[in-house]
Amino acid sequence: MPRKKNKVPLERVSLRFPSELLVRMDRLIERGLFKSRSHLVKEALKELLKDPKYQEALREEEDDFPTLRGR
């Protein structure tokens, strides 16, 4: 099956995790809950950003930088 092309360009970041956390991440991947470590981290971050306290912080940032609203 051909890969879907992302509409938004992705940028690479390098992260370091404790070995124990990587083992737990890999178990979730092996069980089919995530496709990869990258997928797991992206989904976890999306969930974190749903938290109202982070939503408020992001709204405050948008108020400080009106050009971010168009993104």
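The values are calculated or read from the model by the stated rules, or taken from the named source; none is laboratory data. Just so it is clear, the model here is predicted, and its values are computed rather than measured. Please note: Cβ atoms are built from the backbone with ideal geometry, for glycine as well, and neighbour counts cover all protein chains shown.
Within segment 28-53, the residues that satisfy the criterion of being surrounded by 12 or more Cβ atoms within 10 Å (Cβ to Cβ) and either at pLDDT below 90 or assigned to a helix (DSSP H, G or I) (or both) are Leu28, Ile29, Arg37, Ser38, His39, Leu40, Val41, Lys42, Glu43, Ala44.
Any residue at all in segment 16-25 that is closer than 25 Å to Leu58 by Cα, aliphatic (A, V, I, L, M) and at pLDDT 95 or above? So far as segment 16-25 goes, no, none of its residues is closer than 25 Å to Leu58 by Cα, aliphatic (A, V, I, L, M) and at pLDDT 95 or above.
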